[in-house]
Amino acid sequence: MGGWAIAVHGGAGVDPNLPKERQDEANKLLTRCLNIGICALRSNLPAIDVVELVVRELETDPLFNSGCGSALTEKITVEMEASIMDGPKRRCGAVSGLSTVKNPVSLARLVMDKSPHSYLAFSGAEEFAKKQGVELVDNEYFITEENVGMLKLAKEANSILFDYRIPTIGTCGAGAPVMDSPLQMNGLPISVYIPETVGCVVVDKEGGCAAATSTGGLMNKMTGRIGDSPLIGSGTYACELCGVSCTGEGEAIIRSTLAREVAAVMEYKGLNLNEAVDFVIKNRLDEGKAGLIAVSRNGEVACGFNTTGMFRGCATEEGFMEVGVW
């Protein structure tokens, strides 16, 4: 074992003209979250506790698309989802369709620890949350004025908006996205591709891996839509070999079971972590756009993406620390 390691992400697919202020805000938040995780690992918290702790912090800050600041559905509501997985015994928990739970990742943890199931959704998940006594808030808590404005643009464009904050190349004077984008989802055109799901992966000093992912989904999505983030093996996966959290075009990640593929090629092809991440990004996404972060039981950390950029940061016990966008 090579010591502990941690990685965080705030979404793959970044506008090439991303304002520097936005980059600085993202880097500051990711650095803060990394430091929270580093302190926890130095205090000998197990990996599963650290990923929950870090993702809770990301959910509480409105900068990225999870918890407070989540993307809005076509009905101007928030439907959040999250998952968490503990590698050593491959225990997992997931939730979808949350509208009042302040920290979805912690409810996913409770599904794993306190229920006989692995996945709860919508009213069933909300009822379970009440029974568990987790912090609940009105749906309005998650909705920002900025998101309401971007939902209006998405509706005017009659499109799903992947990025709902950053102006992109090819917008008209009114600010509505151009509709002749070559990007597609399940064969249908979409406007821009810059999702901002959050996630964290950790290997602790005992070599135990864990992963967690949380998101508000897509701006102007159909109510009831479920993406990759709560799907074990697609958006999140952890086993005795590694921990993986994905971000990007959810439908492509689902089709490729992207997170599980990293572990599979390590196990069946004998690749190391960096080789596995590189192979999966290049060979398993078809025409989809996505990224991922990963750690191995040997203390390795890696990230990969086929988009213009990915909000990300990582650190190791040896003192390496890096935060980046491009």
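Quick notes
- Applying 1/(1 + (r/R0)^6) with r as the Cβ-Cβ distance of Asp286 and Asn27 and R0 = 41 angstrom yields a FRET efficiency of 0.85.
- Relative contact order (%) - the range 1-141, alpha-carbon pairs under 8 angstrom, separation at least six: 16
- To put it simply, the accessible area of the range 218-301 at a 1.4 Å probe is 45 percent carbon and sulfur.
- Options Leu285, Ser96, Ala26, ranked by Cα towards positive dipole end of the chain, top entry (Cβ charges): Ser96
- The residues of the range 73-117 expose, per residue, 36 Å² of accessible area to a 1.4 Å probe.
- Largest GNM mean-square fluctuation across Val134, Val280, Val203, computed for the chain with C-alpha springs under 10 Å, falls on Val134.
- Cβ crowding within 10 Å averaged over residues, with 145-153, 33-41 ranked highest first: 33-41, 145-153
- Here the simple spin-label model places points 7 Å from the Cα toward Cβ, and for Met222 and Gln132 these points are separated by 2.8 nm.
- When the Gaussian network model of the chain links Cα atoms closer than 10 Å, the mean-square fluctuations of Ile232, Ile143, Ile293 top out at Ile143.
- Cross-link table Lys131/Lys221; Lys102/Lys221; Lys102/Lys152; Lys28/Lys152; Lys75/Lys282; Lys269/Lys289, entries beyond 32 Å C-alpha to C-alpha: Lys75/Lys282
- Annotation: peptides 207-217, 71-81, ranked by per-residue average of other Cβ atoms within 10 Å with the highest first, follow the order 207-217, 71-81.
- Using alpha-carbon coordinates, inclination of helix 20-42 to the longest axis of the chain, degrees: 20
- Since only Met150, Pro116, Thr60 are under comparison, the one whose Cα sits farthest along the positive direction of the charge dipole of the chain, derived from C-beta charges on Lys, Arg, Asp and Glu, is Pro116.
- By average C-beta atoms within 10 angstrom, highest first, the peptides 318-325, 283-290, 305-312: 305-312, 283-290, 318-325
- Contour minus Cα-Cα distance for Asn272 and Glu318 (0.36 nm per residue): 14.7 nm
- C-alpha long axis of helix 145-157 to longest principal axis of the chain, angle in °: 60
- For Val14, nonlocal amide neighbours, meaning residues 5 or more places apart or on other chains whose placed amide H falls under 5 Å from its own, are Thr308, Gly309.
- Take every DSSP beta bridge whose two residues both sit in the chain; close to 90 percent of them are antiparallel.
- With Cα atoms, 0 to 90° folded angle of helix 273-283 axis to the chain main axis: 30
- Structural descriptor for the range 205-252: relative contact order 41 percent, calculated from alpha carbon pairs under 8 angstrom and at least 6 residues apart.
- Only the Cβ atoms of Lys and Arg (+1) and of Asp and Glu (-1) were treated as charged; on that basis the dipole of the chain about its Cα centre amounts to roughly 400 debye.
- Nearest-20 debye value, the range 218-326 charge dipole, Cβ charges on Lys, Arg, Asp, Glu: 380
- Taking all Cα pairs closer than 8 Å and separated by 6 or more residues, the relative contact order of the chain comes to 27 percent.
- In a simple Cβ point-charge model (Lys, Arg +1; Asp, Glu -1; nothing else charged), the range 37-148 has a dipole of about 680 debye relative to its Cα centre.
The values are calculated or read from the model by the stated rules, or taken from the named source; none is laboratory data. Quick caveat, the model's predicted, so the values are computed rather than measured. Don't worry about glycine lacking a Cβ; one is built from the backbone with ideal geometry, like all the others, and counts go over all protein chains shown. Side chains are part of the model used for accessible areas, which takes the heavy atoms of the whole protein and leaves out ligands, DNA and RNA. Shrake-Rupley method; radii C 1.70, N 1.55, O 1.52, S 1.80 Å.
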